[in-house]
Amino acid sequence: MKVITIFGTRPEMIKLWSTMKMLDELNFEHIMVHTGQNFTPELKDFFFTDLKLRKPDYQLEIDTSSYAKEVADVIVKCDDLFEKVKPDALLILGDTFSGLSVMPAAQRGIRSFHMEAGLRAWDARMPEQRNRKLIDHAATINLPFNQYHRENLMREGIHPSKIFVSGNPTFEVIRAFLPEIEKCDVLKRLSLSEKGYVLVTAHRSENVDNPTYLNAIIGALGEIHKRFKKDVIYPMHPRTQSKLKGVDIPKGVQIMNPLGFYDFNRLYQQAFCVLSDSGTAPEEAYFWKVPCVSLRMTTERPESVEGGAHIVAGMDQKNIVESVETVTSLGWYGRYSLEENFSPAAVVVNVMRSQITNFF
């Protein structure tokens, strides 16, 4: 049984980790494909090393110079690869351009399995929002993480027989690497104290390409440093750094290059609060029991808002600062535990095995 897994971004690598390891260990011919999206060569190597992942079988090096070229290159190169390796099934996760490999797979009759299906932020500005509907409706089987996302799929007419709730693999990965994360000395290297800093990740094009929004974020970080007497740590993508020319960085805000898996999660674990425009950040902060503020207008994770650990602040400087005040004053209302003995990877692999066997 030949399964091809296609991924390209940091969150995809992390959330696919346990499933890819299981496919390698069981009776599958497993082909790993990296598209090269959102990674410098150095950062890509960091993550393969930290996650103890074998090197991918294929590196596609997708052209990311424009939206149109990226979409076209994913579809053409993945279609060429399908012709070459002739897989029985495709495994994808999420809503980035890597997931658009489902389109040529569907055209060729290759069964596709989509993890993290059913996310909806209701924000048409986001490329991911457009990708989500395309991928969900083209996939053979959708594997949402929870009931919220399952209901989104059903409201759009996807039949329940094509939907299997897998659970969220993030905590499974964190649990596997918890000893390495807790031994990580990044706080010492950065001269930080536990709960003595705010961690920031903001890179979305609709934010950093908008000078008003980018200035609001940077201004809010300076105010947060002054009000809460906390350091502000901002690992930043090179593309975002290029947008800061001419922008004054406030005192107390430390901008640095992106970090590896252990460093990043250790910073998450001990942060006073996390500010991010990432869709994944509320999940990671939720598992670490760290308050989270979304630098967004909408969220695809309503469950973390209902859990009391996540606030959607919008892009107004004052609202961002006040949201930090609010979310750090609420106390912890999270429902997840790192001690849960549950394997989303096993769910995914069992679904794949049964569906592929039944198909043939």
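The values are calculated or read from the model by the stated rules, or taken from the named source; none is laboratory data. Keep in mind it's a predicted model, so treat the numbers as computed, not measured. So basically every Cβ, Gly included, is an ideal-geometry build from the backbone, and we count neighbours across all protein chains shown.
Some values worked out for this structure:
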read-out	value
Test: residue in the stretch 16-35 that is assigned to a helix (DSSP H, G or I) and within 25 Å of Pro127 (Cα to Cα)	yes
Options Asp95, Asp24, Asp63; residue that is of a type in the set (Asp, Glu), touching an Asp or Glu at 6+ places or on another chain (Cβ under 6 Å) and touching a residue at least 12 places away in the same chain (Cβ under 8 Å)	Asp95
Residue in the stretch 34-41 that is at pLDDT 90 or above and either crowded, with 17+ Cβ neighbours inside 10 Å or assigned by TED's automatic domain parsing to the domain that holds Val85 (or both) present	yes
Looking only at the stretch 211-247, and only at residues there that are in contact (Cβ under 8 Å) with a residue 12 or more places away in the chain and among the charged types (D, E, K, R), the one that is surrounded by the most Cβ atoms within 10 Å (Cβ to Cβ)	Lys230
Filter pass, Leu134 being over 24 Å from Gln270 (Cα atoms), of a type outside the set (Val, Ile, Thr) and modelled with pLDDT of 95 or more	yes
Residue that is touching a helix residue (DSSP H, G or I) at 6+ places or on another chain (Cβ under 8 Å), at pLDDT 95 or above and in the same structural domain as Phe287 (by TED's automatic domain parsing), where the choices are Ile163, Ile217, Ile158	Ile217
Total residues in the stretch 162-173, condition in a helix (DSSP H, G or I) and touching an Asp or Glu at 6+ places or on another chain (Cβ under 8 Å)	2
Glu151 at pLDDT below 95 and either assigned to a helix (DSSP H, G or I) or not assigned by TED's automatic domain parsing to the domain that holds Gly279 (or both)	no
Top-ranked residue in the stretch 138-183 [being among the charged types (D, E, K, R) and closer than 23 Å to Lys21 by Cβ; ranked as nearest to the chain's Cα centre (by Cα)]	Glu172
Condition check for Val200: touching a helix residue (DSSP H, G or I) at 6+ places or on another chain (Cβ under 9 Å), under 21 Å from Ala121 (Cβ atoms) and not charged (D, E, K, R)	yes
The stretch 290-306: number of residues that are among the basic types (Lys, Arg) and touching a Pro at 6+ places or on another chain (Cβ under 6 Å)	1
Residue ID - modelled with the highest pLDDT, chosen from residues in the stretch 60-107 that are aromatic (Phe, Trp, Tyr) and within 23 Å of Leu23 (Cβ to Cβ)	Phe82
Members of the stretch 53-80 found to be under 14 Å from Gly99 (Cβ atoms) and either in a loop (DSSP other than H, G, I, E, B) or touching a strand residue (DSSP E or B) at 6+ places or on another chain (Cβ under 7 Å) (or both), listed by number	Leu60, Ile62, Cys78
Candidate set from the stretch 60-99 (those that are in contact with a helix residue (DSSP H, G or I) (Cβ under 7 Å, 6 or more places away or on another chain), farther than 21 Å from Ile14 by Cβ and of a type in the set (Asp, Glu)); member that is surrounded by the most Cβ atoms within 10 Å (Cβ to Cβ)	Glu70
Test for Val274: is it surrounded by fewer than 22 Cβ atoms within 10 Å (Cβ to Cβ), touching a Phe, Trp or Tyr at 6+ places or on another chain (Cβ under 7 Å) and hydrophobic (A, V, I, L, M, F, W, C)	no
Leading residue by the ranking (nearest to the chain's Cα centre (by Cα)) among those in the stretch 289-322 that are over 21 Å from Arg150 (Cα atoms) and of a type in the set (D, E, K, R)	Arg296
